[in-house]
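Taken together, the values in this text are just the output of simple stated rules run on the coordinates, not laboratory data. Just so we're clear, the structure is a prediction, and the values are computed from it rather than from any experiment. No Cβ is skipped: glycine too gets one built from the backbone with ideal geometry, and neighbour counts run over all protein chains shown.
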Amino acid sequence: MITPDRIISPENGAQVTRDLNRGRLKFKVGPLVARIGTSYPLLQRDFLDIYRGYPLAGPEEFVHFNLKVDPVSLLRRWVRPKIIADGGFIASPFVPLRGDLAILALEMGLNWQVGTRSDQFLIFHSGVVARDPGPGEEGPSRAVLMAGESGAGKSTLTAGLAYSGWRLFSDEFGLLDTSDLHLYPYPRPISLKNESIEVMTKRLGEEVFSRPFLNTLKGTIRYLRAPAESLINGHKPARLDLIIFPQYVAGSTGGISEFTGAEAFAMLRGASVNCDRVGRSAFDALSELTGRCKVYGLQYGSMDMAIGMVEALMEDAA
Amino acid sequence: MKGLPEDLKTLLISPQSARDWSAERWSRAAYLAQSGAVLSRVAVDLATLDQDAPDQDADQAPLEVPGLDGCLLSAMRNGVRSQTRLSWEMDRIKRVFWDRDLKIVLLKGAAYLAAGIPCTRGRLSSDIDIMVAKDELASVEAALLDAGWVSAKEMQGEESGGYDDDYYRRWMHELPPLVNSERKTVIDVHHTILPPTGRVTADAAELLDQAVPVESEAHGRRGYFVLCDTDMFLHSVVHLFQDGEIRGGLRDLVDQTDMIAHFGARPDFWERLIARAEVLGLGRPLYYSLRYTSVLLDAPVPASVLDAARRFAPPLAVRMMMDLLVPRALSPSYLFESDRGAGLAGELLYIRSHWLRMPPLMLTRHLAIKAWRRIGGEKTA
């Protein structure tokens, strides 16, 4: 059982801040462990707020990712602050951001490392949620993977499902173990943009959200905290049973189309981030998945409609 | 002399001793290996150890750090993929010249793969390097451009030509890099192994003349050539110690260590190597390679050879300076441990690499142009 001093919480905020200052803060995101350092107070506050409830990692756990996020120079700490993520790479892929957007630098820094250096998994650019067996029920946890273009509404739909009885796996990456076709959780704060923010704050209330981050490259962003229960169960994988490509269409009364065979394979291949790096195992996993799972395109006009459709499809996939 | 970080050295030369390491120790060591671009190799070596000794005794116990197996699997897949890609690229390039009677010499990673040098395992190669006779350069470039390669500059949306392009064509030992427009892979076409402007140059005709056909049917590359053993070794050596900036060059030093073990067993290899370095004028960089591979990675260089190479050594002051700088520039450092010495060592060796590459006036002009453009925010070669 995870005790309160093993998760990030307001009670141990002072300790977490000290660890961030020393570059010794280690926390878990699903099966992965990240070590973070920052001396920037605003980022420390945002981190504590957004990462509330995450399990801390002990000395017995291997660190997969290392990241420092600090002002680019002493001057830029105080005057028109500029913050940059640093993973120690010779050619750094990261760019400096405004001081008040420091948490975005951290988010991008972590996602970039996970997306480029976790080839033990076949990674899909997708949202994932899962249904755990209820009390007294037998059987595995069952996951649905939602892929598709950026802006098609996967983050919003993932957020809606995660707060309607499904366990949040990720709104960013689906991590598939190619040996058994199970997905591993990668529960991160869900980044919601522009119109989605209004829809979701109305639905869930203000208190599960971070402060707004204004004038980013993608407009306004607010982070929706991952539900506490999905963080505590972050180590439990789920069998992938259903794959959908959701598409929000204003005024839609709902539509479903099934993809089969080569078409399903090609769409899934397109959604994978590292298919070519994983190689043969990825090809085999995609073949087996498209043979076993139903793959649907799903058009929806409202959140409740979409949730109902996903639940019905999952029922059907049993 | 300061050595490599101890745990990194252990991973490179006796990874079996890392089995009982704690998670904290592994976390730091894996980071260092990743920074030095050798993690994939380490992962392959560990997997091979597991295969060779399926029943475990005490020092063969499986790794018991949770999460580490995933990291190593990821690194191993990357290494395999890099070699597959290289092999495929060799195949595609071969097709471009299938009807030409052209001597194409593979260099660096492609050559190690074709010739079956052990350092090819888990080796991450981003580019493919080939060498042709200088009077074939224009026709080789034209054929590649015709077959779907484009200039790397154009790929980035910049115009080709201009200072960088001109700089390559006039002063360098290779064409400006070409990129395959479909696969985004980069090819460097060389006509010799050192810039003709440098303090030391090598006779390209001599290198081409001694190149040997690739015989290994296993790789199916009949038709390609590789430099002969001594030259293959010397090319890696000049790349690291004469032409390159040393910083970030740990992988090259590992290549050289593997070649020493691989070639060192051949009859007369060492005599031929010393003689060849003399003929080609590459004694100084050879001295550095033998010194640092043996000190930093325990490469099996015979004592008599180290003695013989001493005649290529620089004056004492330079030697001391290099002993101070080289290990620091080659050692990756952990993100959460500050290491100011490494940064300074890297900068100094970067300046040295340019000093060796061109005469003082030309160097001044080149660095001035690069600095001017850096102020203006432009990218440079």
* Structure fact -> For region A:144-157, Karplus-derived ³J(HN,Hα) couplings (6.51, -1.76, 1.60; θ = phi - 60°; whole Hz; x for glycine and proline) come out as 10, 10, 10, 10, x, 4, 4, x, 7, x, 5, 4, 5, 5
* Per the Kirkwood treatment, what hydrodynamic radius in Å, one decimal, follows for region A:111-190 from the mean inverse distance over all distinct Cα pairs? -> 13.0
* Asked: Semi-axes of the equivalent ellipsoid of region B:192-337: what are they in whole Å, largest first, if each equals the square root of 5 times a C-alpha gyration tensor eigenvalue?
  -> 25, 18, 16
* **Computed helical MRE - 222 nm, chain B, DSSP H runs ≥ 4 contributing -39500 (n - 2.57), nearest 500** => -17000 deg cm²/dmol
* Asked: GluC sites (Glu not before Pro) within region B:233-337: which are DSSP loop residues with at most 13 other Cβ atoms inside 10 Å?
  -> B:Glu337
* **Alpha-carbon centroids, region A:244-304 and region A:97-164: separation in whole Å** => 15
* Asked: Over all Cα pairs of region B:1-57, how is the pair count split among 5 Å bins, expressed in % and running from 0 up to the last occupied bin?
  -> 4, 19, 30, 24, 14, 7, 2, 1
* Please work out the Kirkwood hydrodynamic radius for region B:287-348, using every pair of different C-alpha atoms, and report it in angstroms with one decimal place. => 13.0
* To do: Report the trypsin sites (Lys or Arg not before Pro) located in region B:58-139 that are in a DSSP loop and have at most 12 other Cβ atoms inside 10 Å of their Cβ, or state none.
  => B:Arg100
* To do: Could you size up the charge dipole of region A:4-117 around its Cα centre, putting +1 on the beta carbon of Lys and Arg and -1 on that of Asp and Glu, and report it in debye to the nearest 20?
  => 320
* Within region A:187-303: Cβ-based charge dipole about Cα centre, in debye rounded to nearest 20 (Lys, Arg +1; Asp, Glu -1) -> 320
* Among A:Ala14, A:Ala147, A:Ala159, which one moves the most in a GNM of chain A with springs linking Cα atoms closer than 10 Å? -> A:Ala14
* Which pairs in the list A:Lys28/A:Lys68; A:Lys218/A:Lys294; A:Lys193/A:Lys236 are over 26 Å apart, alpha-carbon to alpha-carbon? -> A:Lys218/A:Lys294; A:Lys193/A:Lys236
* Asked: If the cut-off is a Cα-Cα distance under 21 Å, which lysines reach B:Lys184, setting aside same-chain residues fewer than 8 apart in sequence?
  -> B:Lys94, B:Lys108, B:Lys153, B:Lys379
* Quick one: Debye curve from the alpha-carbon atoms of region A:55-210 only, equal weights, vacuum; give me log10 I(q)/I(0) at q = 0.08, 0.15, 0.20 Å⁻¹ to two decimals. => -0.30, -0.98, -1.36
* Structure fact -> Using the Kirkwood radius over Cα pairs of region A:4-117, the Stokes-Einstein translational diffusion coefficient at 37 °C and 0.692 mPa s, in µm²/s and rounded to a whole number, is 231
* Take the Cα pairs of region B:1-158, get the Kirkwood Rh, then feed it into Stokes-Einstein at 25 °C and 0.890 mPa s and tell me D in µm²/s. => 134
* If you line up the Cα atoms of region A:87-130 on their principal axes, what length do they span on each, largest first, in Å? -> 36, 26, 11
* Mean separation of Cα contacts under 8 Å (6+ apart) over length of region B:6-375, as relative contact order % -> 15
* Tally the DSSP beta bridges in chain B and give the antiparallel ones as a percent, rounded to 5. => 60
* To do: With just the Cα atoms of chain B, tell me how far they stretch along each of the three principal axes, in Å, largest first.
  => 60, 50, 50
* Asked: Fewest to most neighbouring Cβ within 10 Å: what's the order for A:Leu157, A:Leu298?
  -> A:Leu298, A:Leu157
* **Environment charge at A:Ser141 (Cβ cut-off 14 Å; Lys +1, Arg +1, Asp -1, Glu -1)** => -2
* Asked: Per residue, what volume in Å³ does the Cα convex hull of chain A take up?
  -> 142
* Asked: Of the residues B:Leu363, B:Leu106, B:Leu280, which exhibits the maximal mean-square fluctuation in a Gaussian network model of chain B defined by a 10 Å Cα contact cut-off?
  -> B:Leu363
* Asked: What is the P(r) of region A:8-61, as percent of Cα-Cα pairs per 5 Å bin from 0?
  -> 4, 21, 35, 27, 11, 2
* Asked: Once all Cα-Cα distances of the protein assembly as shown are split into 20 Å bins that start at 0, what whole-number percent is in each one?
  -> 16, 45, 32, 7, 0
* Out of B:Ala114, B:Ala265, B:Ala147, any idea which swings most in a Gaussian network model of chain B, alpha carbons joined below 10 Å? -> B:Ala265
* Structure fact -> For region A:217-312, Rg(Cα) over 2.2 N^0.38 Å is 1.31
* Using a 10 Å cut-off on Cβ to Cβ distances, tally the other chain neighbours for every residue of B:71-84 and report the average as a whole number. => 5
* With charges only on Cβ, +1 for K and R and -1 for D and E, what is the dipole size of the protein assembly as shown about its Cα centre, in debye, rounded to 20? -> 2220
* **Within chain A, helix-based [θ] at 222 nm, where runs of 4 or more DSSP H residues each add -39,500 (n - 2.57), nearest 500** => -10000 deg cm²/dmol
* To do: Could you compute the FRET efficiency for A:Ile232 and A:Arg24, with r as their C-beta to C-beta distance and R0 at 25 Å, rounded to 0.05?
  => 0.65
